[in-house]
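Worksheet for the structure shown next.
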Ligand code: GLC
């Protein structure tokens, strides 16, 4: 029997452009607009749990399968396979991009490796380490059947009141540019001669599609207001906030997410000059631009039910250059609206739809998801494996910034064989606080991950077997009254409770008065090391700063709390440097480090080490180790 030739778009030996042109020529307008839709978690509407053929471009894994919460990667993979199988049953069998917010590991799944949040990674300054974190994260995502992450965030934070400060690598654009090396880890690196600025993902099933976000100026809004307005001359926007995207595009990033924020009063999701003329024109970005979650609806704060407004939002967003819409409240409504905008009111030209769909297909072909069988992925054993834990532990070590080490003589490294030590503070034994937001749940409630090592557990593991460790979150007056005779030193771990983009950081960038009092009470009695677990610098009351012997910024370290004990007991030296300036007082915010009046407690780049001198507040960069 004569062999039926496979269509070019299904032939992996054809070039990407041949496959894109062949496939789009076969698509109806509804199928094209289907590809422009990335829906939320797919819910089966059938009693047998099966799913209608999916005519969409992708789905957001969110928090994983509804039946399990949180879910191990095996259950994520079952969910992802079910969605993919449904998509492959559609007329043209176009596979889905299956995305999730894996912003510090595959953080929404159970028992995965959680790496430090970006601000801690910025303190490491180690681009190769960041690349390796990308590789490990990609493996743990693939093991869960996913092929896309909405990461990295390449925001350049300029106001520490921003609720997403911890998602930025630094206030220094050059540091952020270097940390984009995570993209090479997530997507893999293309072979020599690969087409310039073209999207790329290594084949073999161990890499994923990355997403540089949020374009542009998300970290530069006035007053650090989440989704606020970034007001500045274009030259400064390009120098401070657009620059990291050059490095993302040169590393072949497949997708870029538009920011909820505005630029000079215009919503980014409707900003044609920046999305199309700059990103796709001047910077020659060949991948796809995805909206933020319901970002289209936020263009003019569209409310459910007002379809006229929604049509305007959809037209503005698509014509501005948005190619894929993430999480429309009602995907079918979005698709109906766009069909009408193209066919009836003709507000959106077919050429814009074709450009968007070609970009989506180009990413899918470049990422090899047409050619990878569903089951081609790493074993679940890679999740939280020894190698990934070691990378996470190394990144914790290198993220620590030593801000104070003794008054008259060095206080650290601490003695592992002390007779008795006191550990205190509500961040000393709380994995949820240690991991921060985007950990199982977006707001990082005190999620019980069941895997990971708290600071207290790591201390107990590190000290000699004759050393007694007493833990009191808030040491009693009874403990304090005899503390001087009982304890050789104290370790107090406090900081911020997890918060995400919509939660007000309840503590603000300062500690509650009762916590400051506790620290001072302990430090009055016993030489004390203060470890700050926070998404950003927090205000250090002068008296407290004076009383403690040692002070470390540990940011949001994730599951491997033993990275902290590796350094405080001297097995490793401190190498971390401040990725953001540390203010003296909240009243100073926002600080402009270019301003003559800039007067931080610690400059960007400050960090002591065991071999370095330098006093609190000198701001002098740490001597090279
Ligand atoms: C959010 C965030 C974005 C995230 C997206 C999908 O609102 O702004 O960073 O990737 O939703 O969850």
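The values are calculated or read from the model by the stated rules, or taken from the named source; none is laboratory data. Here the structure is a predicted model, which means the values were calculated and not measured. Note: ideal-geometry Cβ built from the backbone for every residue, glycine included; neighbour counts use all protein chains shown.
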Inset, instruction - From 51, 33, grab the single residue that is in contact with a helix residue (DSSP H, G or I) (Cβ under 9 Å, 6 or more places away or on another chain) and crowded, with 20+ Cβ neighbours inside 10 Å. - result: 33
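Scan the helices (runs of 4 or more DSSP H) fully inside segment 2-110 and keep the ones with 2 or more residues being in contact with a strand residue (DSSP E or B) (Cβ under 8 Å, 6 or more places away or on another chain).
73-88
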Inset, instruction - Would you confirm whether any residue within segment 245-258 is part of a helix (DSSP H, G or I) and closer than 19 Å to residue 591 by Cα? - result: no
Inset, instruction - Return the residue satisfying two criteria in turn: it lies in segment 291-322 and is more than 16 Å from the ligand (Cβ to nearest atom) and outside any helix (DSSP H, G or I), and of such residues it is nearest to residue 148 (Cα to Cα). - result: 321
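Here is a check on your reading of the model: is residue 531 part of a strand (DSSP E or B) and touching a strand residue (DSSP E or B) at 6+ places or on another chain (Cβ under 7 Å)?
Details: part of a strand (DSSP E or B): yes; touching a strand residue (DSSP E or B) at 6+ places or on another chain (Cβ under 7 Å): yes.
Criteria met by residue 531.
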Inset, instruction - Specify which of the listed residues (292, 309) is assigned by TED's automatic domain parsing to the domain that holds residue 99 and closer than 21 Å to residue 280 by Cα. - result: 292
Legend entry - Matching residues, segment 275-298, being buried (at least 23 other Cβ atoms within 10 Å of the Cβ) and touching a strand residue (DSSP E or B) at 6+ places or on another chain (Cβ under 7 Å): 275, 279, 285, 287, 288, 289, 290, 291, 292, 295, 296
Inset, instruction - Answer yes or no: is there a residue in segment 32-50 that is at pLDDT 95 or above and either more than 28 Å from the chain's Cα centre (by Cα) or in the same structural domain as residue 333 (by TED's automatic domain parsing) (or both). - result: yes
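Only one of 229, 240 is under 25 Å from residue 127 (Cα atoms) and either modelled with pLDDT of 95 or more or not assigned by TED's automatic domain parsing to the domain that holds residue 161 (or both). Can you tell me which?
Only one candidate qualifies: 240.
In this structure, does residue 321 turn out to be within 22 Å of residue 29 (Cβ to Cβ) and buried (at least 23 other Cβ atoms within 10 Å of the Cβ)?
Against the criterion (within 22 Å of residue 29 (Cβ to Cβ) and buried (at least 23 other Cβ atoms within 10 Å of the Cβ)), residue 321 qualifies.
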Inset, instruction - Count, please, the residues in segment 54-91 that happen to be surrounded by 19 or more Cβ atoms within 10 Å (Cβ to Cβ), in contact with a helix residue (DSSP H, G or I) (Cβ under 9 Å, 6 or more places away or on another chain) and closer than 22 Å to residue 30 by Cβ. - result: 6
Legend entry - Residue satisfying condition, being within 14 Å of the ligand (Cβ to nearest atom) and farther than 22 Å from residue 274 by Cβ, within set 209, 175, 182: 209
Legend entry - Matching residues in segment 230-275 - criterion: being more than 20 Å from residue 287 (Cα to Cα) and within 16 Å of the ligand (Cβ to nearest atom): 230, 261, 262, 267
Inset, instruction - Test residue 279 against the criterion of being under 23 Å from the mean Cα position of the chain (by Cα) and away from the ligand (no atom under 16 Å from the Cβ), and give yes or no. - result: yes
Legend entry - All positions within segment 416-443 that are buried (at least 23 other Cβ atoms within 10 Å of the Cβ) and part of a loop (DSSP other than H, G, I, E, B): 425, 427, 428, 436, 437, 438, 440
Inset, instruction - Consider only pairs whose beta carbons are under 7 Å apart and that are at least six residues apart or on different chains; among these, list those whose first residue lies in segment 532-549 and is in the same structural domain as residue 434 (by TED's automatic domain parsing) and whose second residue is surrounded by fewer than 20 Cβ atoms within 10 Å (Cβ to Cβ) and in a helix (DSSP H, G or I). - result: 539/586; 541/516; 543/520; 544/516; 544/520; 547/520; 547/524
Legend entry - Lone unmet requirement of (1) in a loop (DSSP other than H, G, I, E, B); (2) under 16 Å from the mean Cα position of the chain (by Cα); (3) under 30 Å from residue 96 (Cβ atoms) for residue 146: (2)
